Amino acid sequence: MARRKLVAGNWKMNGDRAALAELDGIAAAAAVHTDVDVAVAVPATLIAGAAERVPALAIGAQDVHPADRGAYTGCLSAPMLIEAGARFAIVGHSERRADQCESDILVAAKAEALHRAGLQAIVCVGETLEQRDAGEAERVVTAQVEGSLPEDVSADWCAIAYEPIWAIGTGRTPTIDDVAAMHRAIRAKLRDLLGERADGFRLLYGGSVSPDNAAALLDAEDVDGALVGGASLTAAKFVPIIAAASR
Ligand code: PGA
């Protein structure tokens, strides 16, 4: 099944208003490579400024609260993100799973909240190095997929990012064969859970994607895009990755 590639940037806790200038070049590349969906998850403080600056580019958030409103000091809801100009959010990133103790159940509730509000979701999963070395990677990741997707999940609004934790920000990546094998395992789990509806889901790879390795990773079997951290911070590095996803 042909799926459009999605290349999403994750700025994490980086960037200020001056950094929004990088989005000009990224938006220009997105306008050239119309066969690729391009998105950038900026810090929440920059969502409105980014969406105003590059209205054609999909700007998103890096987290969301599962409730629409209420006494949740410091949190942001999906309706708030929409009002700011977001079109999607990342949920379940390993940095949040580890630093904020986020569980699969919470991640699923966050994805559901995004859908309720009409936002797209990128749900992240991935194993630690210890789990990979112990031969547990596929079991851990497919269990995360099962636990982190809400019951009514659909490829219309959800993509899944496989991000081995040991590959994030380290310059290390799995082999192409290991990436393809994991994406096959995730697809098989989705088929178990959702039947034919599984085929529409875009499976992104994330973890040290760079201009040098993007083409090989994006060409791997069942890889439908990339979630890019460090290399998404500048147009100079992110644009070649967008180009690598374009045919
Ligand atoms: P990285 O981050 O590309 O800097 O490794 C990826 C991510 O955490 O989404």
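The values are calculated or read from the model by the stated rules, or taken from the named source; none is laboratory data. If you're wondering where the values come from, they're calculated on a predicted model, not measured in any experiment. Quick reminder, even Gly has a Cβ in these numbers, built from the backbone with ideal geometry, and neighbours come from all protein chains shown. Please note that ligands, DNA and RNA were not included when accessible areas were found on the heavy atoms of the full protein model with its side chains. Shrake-Rupley method; radii C 1.70, N 1.55, O 1.52, S 1.80 Å.
Rounded to two decimals, what is Rg over Rh for the range 18-73 when you use alpha-carbon atoms and the Kirkwood radius?
Details: Rg = 13.5 Å, Rh = 12.5 Å.
Dividing the radius of gyration by the Kirkwood radius yields 1.08.
Any lysines with Cα under 28 Å of the LYS12 Cα? List them, leaving off those in the same chain fewer than 8 positions away.
LYS110, LYS237
Given C-alpha coordinates of the range 102-183, what is the ratio Rg to Rh with the Kirkwood estimate of Rh?
1.00
I need the fraction of alpha carbon pairs in the range 82-125 separated by more than 12 Å, rounded to a whole percent.
56
Farthest toward the dipole's positive end in the chain, which of ALA111, GLY229, ALA58, given Cβ charges of +1 (Lys, Arg) and -1 (Asp, Glu) about the Cα centre?
Of ALA111, GLY229, ALA58, it is ALA58.
Taking the simple approach of a point 7 Å from Cα along Cα-to-Cβ for both ALA243 and MET13, what is their distance in nm?
For ALA243 paired with MET13, the spin-label model returns 3.4 nm.
Between GLY225 and residues 5 or more places away or on another chain, which pairs have amide H atoms under 5 Å apart, with H built 1.01 Å from N, and which residues are they?
For GLY225, the qualifying residues are LEU6, TYR205.
Just to confirm a number: summing +1 for Lys and Arg and -1 for Asp and Glu over residues other than SER246 whose beta-carbon lies under 13 angstrom from that of SER246, what do you get? Mind showing how you got there, number by number?
Values: positive: ARG4, LYS5, ARG247; negative: ASP35, ASP37, ASP219.
With Lys, Arg at +1 and Asp, Glu at -1, the net is 0.
In the full protein assembly as shown, how much of SER94 is accessible to a 1.4 Å probe, in Å² to the nearest 10?
20
Only Cα pairs under 8 Å and at least 6 apart count here; give the relative contact order of the chain as a rounded whole percent.
Computed over the chain, the figure is 23 percent.
Counting only other residues whose beta carbon sits under 12 Å from that of GLY60, what net charge do I get with K and R as +1, D and E as -1?
The answer is -1.
Specify the inter-centroid distance of the range 91-158 and the range 1-68, based on alpha-carbon positions, in whole Å.
With the range 91-158 and the range 1-68 each reduced to a Cα centre, they are spaced 20 Å.
Residue separation times 0.36 nm, minus the C-alpha to C-alpha distance between ILE176 and ILE105: what's the value?
22.5 nm
In whole Å, what are the Cα extents of the chain along the three principal axes, biggest one first?
In descending order, the Cα extents are 44, 44, 33 Å.
What accessible surface, in Å², does a 1.4 Å probe find on LYS12, ignoring ligands, DNA and RNA and rounding to the nearest 10?
Surface accessible to solvent at LYS12 totals approximately 50 Å².
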